[in-house]
Structures are given as structure tokens and as C-alpha cells.
Amino acid sequence: MFDYQLIRSRNRKSVALQVSAGQVLVRAPYGVSPKRIDVFVNNKQQWIAEKLQRYALVSETLRDNQIVIKNNGILWLKGQKLPLLVRFSDKNDVIVRKDAVEVTLSKRYLSANEQACWVKVKSVLENWFKQQANEVIRQKLPYFIAQTKLSPNAIKIRQYKARWGSCDNKGQLSFNYLLMMVPESVLDYVIIHELCHLKYFNHSTHFWQLVARYCPDYRWAKTWLKQHQPFLTWPKID
């Protein structure tokens, strides 16, 4: 039988089972005996095993694909997972090669401790992604504005934790600079999505019909974002 953590509550009326982050949790009222709880868990062995196996697979996928800020780490760019290389040179810079992304740090960081170097690498990458997003999205917008006949009052490039873009009731669009990590067709979908919110400030049937008019493959783009979003976040270093 699987090991589990028992959480008792005076307000509960029944026994409930939960598998969260690879841990088995049992919630039960105070009046339920340990033997009865063991029987309950034992009867759920197959269900628990499937949940734990699924968690292990997801964890492995996340570990193999999430961004890693170190030499020979991992970075995403335009929908591709690329090696991240760190070198020392005359200035801080980002160089995109065919098979890797290289970050160069000023030689003054040769005497810095390792932690300070990785914090600086992350900072250089963040600034570079912001600059790239600002240039690319502003270059693309006129085309999609002409296509949709929908024009925002203002544009902002920023970082979001859980969204790729937004549209407010003042007609201002904001885009996540991490969109430079997604395929170009997915970026186009996000731009179209937010422009369409200028007409429909919701996710109604009419909204999605308008999105589909200008982005027929929007369902594929939505799926790509959903599958890859767990990977496309900056790791905490400092």
C-alpha cells in the first residue's frame, strides 16, 4: 500500500483522496478509524498508481524542457529549444547562432562569484528579449491592424506570469516579451487574439469567429501555448 499523509478535519463528513505533487493525501473526519482509512486507500491503489505515474512523466518532461540559466543550459527561441552558452568578452551581449544562443558577459565578471554571473546572464537575456519583442511586435502590428481594421490606442511590452497578452477597456494592448520564445505563427495568433478583443471584450462565439477569420489555425496555436507554457518561465536565481 502507498504511504500517505492523513489530514483530519471536524467539518468533513466523508473520506477523500488526493494526489498532489507526487504526494498522496487523505482527508478524513475525526471519527473514521485508521483501519477504515487503510482499506479505503488500498481500494484506490490503481488510481493512485496512475496519478503518480502521470506526475512522474510530467515532471520528467518539465525537467528536460524548462529554461536553465547556466553554461550549456536550455533556452527557448522562436519555438525551438536551444543550448545556452555563456562566454566572456568585451561587453554584455546576446548572439543567436544556428544551433545555440550565446550570452557574452563583460570580462569584469571573471572575478565575480558564480551566483552573480548567473544573475547577470538572466538580466542580459531579459533585456534582450524585451528589446526583441518591442521591435518584432511593433513591426507586425501594422499588417494585422490593416487586416482586421482594429487599432489599439497604445501598446506595451512587459512580462506576465500567466498570460501572453491583454487588452484593457481603454483599448490598450500589452504583450509578454517571452513571446519571442514561441513559434512565429503562435506570436501572430496572440497579436490577432488581442486585436479582436478591441471589438469583443470577451471570449464569446463571435469573438472566436473573428479570430478564426484572420487566424484559421488558432486552435493549433492555443494548444501549443497550453503544452509549452510550463517550460517558458524564467527560473529563480537570486
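Being surrounded by 15 or more Cβ atoms within 10 Å (Cβ to Cβ), assigned by TED's automatic domain parsing to the domain that holds Y177 and more than 17 Å from F231 (Cβ to Cβ) is true for just one of E102, E114. Which residue is that?
Answer to the selection: E102.
When you scan the stretch 39-46, do you find a residue that is in a helix (DSSP H, G or I), surrounded by fewer than 14 Cβ atoms within 10 Å (Cβ to Cβ) and over 34 Å from the mean Cα position of the chain (by Cα), even just one?
yes
Looking only at the stretch 218-238, filter to residues that are loosely packed, with under 14 Cβ neighbours inside 10 Å, of a type in the set (D, E, K, R) and at pLDDT 90 or above; which one of those is nearest to L82 (Cα to Cα)?
Applying the filter and picking the extreme gives K226.
Among the residues of the stretch 165-185 satisfying the criterion of being among the hydrophobic types (A, V, I, L, M, F, W, C) and either touching a Leu at 6+ places or on another chain (Cβ under 6 Å) or closer than 18 Å to K149 by Cα (or both), which is surrounded by the fewest Cβ atoms within 10 Å (Cβ to Cβ)?
Out of the qualifying residues, it is C167.
List pairs: first residue in the stretch 168-183 and in the same structural domain as H197 (by TED's automatic domain parsing), second residue of a type in the set (S, T, N, Q) anywhere in the structure, Cβ distance under 7 angstrom, at least six positions apart or on different chains.
K170/N153; G171/N153; Q172/N153; S174/S166; N176/Q159; Y177/Q159; L178/Q159; M180/Q132
Those residues that are within 19 Å of V182 (Cβ to Cβ) and part of a loop (DSSP other than H, G, I, E, B), I need them from the stretch 76-96; list them, please.
K78, G79, listed by residue number.
Six or more apart or on different chains, Cβ under 7 Å: which pairs go from a residue in the stretch 215-238 that's on the phi < 0 side of the Ramachandran plot to one that's part of a helix (DSSP H, G or I) and β-branched (V, I, T)? Could you list them?
C215/I192; Y218/V211; A221/V186; W224/V186; L225/V186; I237/V119; D238/V119
Scan I137, I67 and give me the residue that is closer than 30 Å to C196 by Cα and either of a type in the set (A, V, I, L, M) or modelled with pLDDT of 95 or more (or both).
Step by step, each of I137, I67 is checked, and only I137 is closer than 30 Å to C196 by Cα and either of a type in the set (A, V, I, L, M) or modelled with pLDDT of 95 or more (or both).
Out of the stretch 3-38, which residues are more than 30 Å from K226 (Cβ to Cβ), assigned to a loop (DSSP other than H, G, I, E, B) and touching a helix residue (DSSP H, G or I) at 6+ places or on another chain (Cβ under 9 Å)?
Within the stretch 3-38, Y4, V15, V32 meet the criteria.
The values are calculated or read from the model by the stated rules, or taken from the named source; none is laboratory data. Values in this document were obtained by computation on a predicted structure and should not be read as measured data. Backbone-built Cβ (ideal geometry, glycine too); neighbour counts: all protein chains shown.
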